[in-house]
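Report on the following structure.
The values are calculated or read from the model by the stated rules, or taken from the named source; none is laboratory data. All values derive from a computational prediction rather than experimental measurement. Here the Cβ positions follow ideal geometry from the backbone for every residue, glycine too, while neighbour counts run over all protein chains shown. Just the protein is used for accessible areas: all its heavy atoms, side chains included, with ligands, DNA and RNA removed. Shrake-Rupley method; radii C 1.70, N 1.55, O 1.52, S 1.80 Å.
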Amino acid sequence: MISLMFNSVATPFWEWQRCVEYNLWTPNHPLSYLTISAVARKKMARVLVGVKRVIDYAVKVRVKPEKNGVVTQGVKHSMNPFDEIAVEEAVKMKEKKLASEVIAVSVGPTQSQEVIRTALAMGADRGVHVEVPAAEYDLLQPIHVSKILAKLALDEKADLVILGKQAIDDDANQTAQMTAAVLDWPQGTFCNKVEKTDAGLTIAREIDGGLETIKTKLPAVLSADLRLNTPRYATLPNIMKAKKKPLKKVTPKDLGVDTTPRIEIISVEDPPVRQAGAVVADVDALVAKLKAGGHI
Ligand code: AMP
């Protein structure tokens, strides 16, 4: 506290404010290290957000005739809905000056860049596209994505990784948990509310019985649940601005991550078609029908 006050006085105000806003290292100032360390305790430097391109939630998914996957050609895709919530949370942190930079990452084929651009239009600062060709992408599993995100989190010196609680295509709900495990960072999954404190984060988590509140230090990995926030729409001017924001392309190999498939898809089937119901005249008829069907 004393060092914070001392440094606040000793450091020119504009420079202190710049440190607060951008968490910058100012080597020409003899006391900047103490100032920055005091500031750094109060804020996060970087947030990495995972954005997955998935078949749009409103599309009826169809299995390919060869039964080795689902039809993706000519099908509308968009950002995984839980990832929109993750981006919104990160952008809000930046607006509240709790984060200095938001980096959107998508792992997948070339078209994955579309969802990175959407994240940039929502307010992320830059994007990283980890290119995995479409043929290999079908067999890419959460463990591979987790290793990629973990490596990027370290390379980008992120303090926080925010992912969706699950991707609506494979419903795995594994990537956030495994990213935390690979990094050996604490995790706050199914976030309903996230608050920054001097010590780290206070998180309300959605659990079966209601809400559970936990505290965690940074760095950490979070997963966004449905009620965390309402994501903003990307406005046309922001979509135009997003085209100019930086987007870096790398491969899993560049990151030293082996994406050799660990699974083989044997068969993909449609869910069983729901049988039509029957209307019965009264309770006696219902009981008789249930008995006849061997249900009671
Ligand atoms: P999952 O574990 O597959 O249900 O995915 C959970 C979350 O991990 C998603 O909501 C994304 O935030 C992130 N994620 C999964 N796959 C990818 C991917 N290919 N690219 C970027 N983020 C991903």
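Hey, what did the chain get for relative contact order, percent, Cα under 8 Å, at least 6 apart?
Working: 550 pairs, mean separation 56.8, N = 296.
Averaging sequence separation for qualifying contacts and normalising by length gives 19 percent for the chain.
Relative contact order for region 57-172: what percent, with Cα pairs under 8 Å and sequence separation of 6 or more?
It comes to 26 percent, rounded to a whole number.
Identify the GluC sites (Glu not before Pro) of region 209-294 meeting these criteria: DSSP loop state and at most 13 other C-beta atoms within 10 Å of the C-beta.
Qualifying residues, ordered by number: GLU264, GLU269.
I'd like to check one number: the per residue accessible area of the chain, probe 1.4 Å, reported in Å² as a whole number.
Result: 58 Å² of accessible area for each residue.
Grab the other residues whose beta carbon is less than 12 angstrom from that of ASP138, score K and R as +1, D and E as -1, and report the net. Show your work: numbers first, answer last.
Details: positive: LYS64; negative: GLU136, ASP169, ASP170, GLU264.
Taking every other residue near ASP138 into account, the sum is -3.
Once neighbouring chains are kept in place and the probe is 1.4 Å, which whole percent of the accessible area of region 45-255 is contributed by carbon and sulfur?
With neighbouring chains kept in place, the figure for region 45-255 is 53 percent.
With springs only between Cα atoms under 10 Å apart, run a GNM on the chain and tell me which of ALA153, ALA276, ALA124 wobbles the most.
Evaluated over the chain, the most mobile residue of the options is ALA276.
Restricting everything to alpha-carbon atoms, can you work out Rg to Rh for the chain with a Kirkwood hydrodynamic radius? Provide the component values of the computation, followed by the final result.
Numbers: Rg = 23.8 Å, Rh = 21.5 Å.
Using Cα coordinates only, the ratio equals 1.10.
Can you give the net charge of the other residues whose Cβ lies under 12 Å from the Cβ of MET178, counting K and R as +1 and D and E as -1? Walk me through the numbers on the way to the answer.
Values: positive: LYS147; negative: ASP184.
Net charge in that neighbourhood comes out at 0.
For ASP56 and ILE296, FRET efficiency with R0 = 41 Å and r from the beta-carbon atoms, rounded to 0.05?
0.45
Given LYS94/LYS253; LYS165/LYS215; LYS151/LYS217, which pairs have Cα atoms separated by over 23 Å?
Where the Cα-Cα span goes over 23 Å, the pairs concerned are LYS94/LYS253.
How high is the FRET efficiency between TYR233 and VAL273 when r is their beta carbon distance and R₀ equals 35 Å, given to the nearest 0.05?
0.45
Which residues make up the longest stretch of the chain that has no chymotrypsin sites (Phe, Trp or Tyr not before Pro) in a DSSP loop with at most 13 other Cβ atoms within 10 Å?
58-232
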